[in-house]
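Okay, structure first, notes after.
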Amino acid sequence: MQTAVYEAQVQASEEELRRLGARFTRCSWLRAGAALITLVSLFLGFEWNGLVGYPLALAGVAAFILLVRRHDAIETRQKRQAALKATAEDYLARAGDGWKSFPRTGREFQSEGFPTGRDLDIFGKDSLYQFLCAAHTPQGRRRLADWLREGCPTAELPDRQAAVAELAGKREFTLRLQSLGRAL
């Protein structure tokens with residue numbers, strides 16, 4: 001497995017998370033400043049009968065609202081970047097034995113009616129399911145389990161192989177696509 005793409009993504013994500021963290025902190029301070037200006041302006045408006053204080057308080061409220069929206073946007077970008085980093089780290093873990101610590105083992109899909117799953121380590125600790133599972137929804141995890149348990153109809157096999165071959169050449173695309181599911 002070529003890991004350079006994933007190592008570069010982890011490093012780029014760490015740098016971006018540091019930048020976003022600094023912006024997040026700066027925005028927090030600016031929000032606090034806007035709130036303070038609003039409160040002081042309201043007080044001055046009461047003292048000076050609204051000549052200067054009320055318009056300044058209104059500007060402070062507007063600034064606060066804009067800063068809240070910016071703060072939320074930065075937080076969303078942080079979540080997406082953290083998901084991208086975690087996804088790249090998962091790919092790197094699959095290159096070694098790190099995947100054995102992934103929490104989703106598929107044990108819940110092992111049944112008495114499917115003893116082959118236990119014999120071939122398809123489900124459970126250190127299983128094929130644990131290695132492969134990158135799903136972030138219950139439906140996706142169930143679909144993977146069904147595919148591992150039931151196999152693939154022979155007629156669909158060429159189409160699935162072509163899809164895998166196409167996606168294998170698009171590492172950055174698949175990395176970003178998977179991270180979108182994780183960021184939800």
Study note, to complete from the structure: Looking only at aspartates and glutamates whose Cα falls under 17 Å of residue 79's and that sit 8 or more positions away or on another chain, we get 14, 15, 16, 89, 90
Check your understanding: What's log10 of I(q)/I(0) for region 96-177 at q = 0.12, 0.17, 0.18, 0.24 Å⁻¹, Debye sum over Cα points only, no solvent?
Key -> -0.41, -0.80, -0.89, -1.24
Point to revise | Of all accessible heavy-atom area on the chain, the percent that carbon and sulfur account for (1.4 Å) | key: 60 percent
Check your understanding: For region 78-89, what does the Karplus curve 6.51 cos²θ - 1.76 cosθ + 1.60, with θ = phi - 60°, yield as ³J(HN,Hα) per residue in whole Hz, taken in order and with x for Gly and Pro?
Key -> 5, 4, 5, 5, 5, 5, 5, 5, 5, 5, 5, 5
Revision key, fill the gap. Computed over the chain: longest principal axis from alpha-carbon atoms vs helix 157-168 long axis, angle to nearest 10 degrees, is 40 degrees
Review point. Just the accessible area per residue of region 11-163, please: how many Å² with a 1.4 Å probe?
Key: 64 Å²
**Study point:** For region 50-88 versus region 5-21, the gap between their alpha-carbon centres in whole angstrom
**Key:** 22 Å
**Study point:** Principal-axis tilt of helix 138-150 within the chain, Cα atoms, nearest 10 degrees
**Key:** 10 degrees
Point to revise | Taking the C-alpha atoms of the chain, convex hull volume expressed per residue in Å³ | key: 161 Å³
Practice item. Could you work out how far helix 171-183 tilts from the main Cα principal axis of the chain, as a 0 to 90 degree angle to the nearest 10? Key: 60 degrees
Practice item. List the lysines whose Cα lies under 25 Å from the Cα of residue 125, skipping any in the same chain that are fewer than 8 positions away. Key: 85, 100
**Study point:** Value in Å of the Kirkwood radius, where region 1-58 supplies the Cα pairs that are averaged
**Key:** 14.4 Å
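The values are calculated or read from the model by the stated rules, or taken from the named source; none is laboratory data. Values in this document were obtained by computation on a predicted structure and should not be read as measured data. Ligands, DNA and RNA are excluded from the accessible area calculation, which covers all protein heavy atoms including side chains. Shrake-Rupley method; radii C 1.70, N 1.55, O 1.52, S 1.80 Å.
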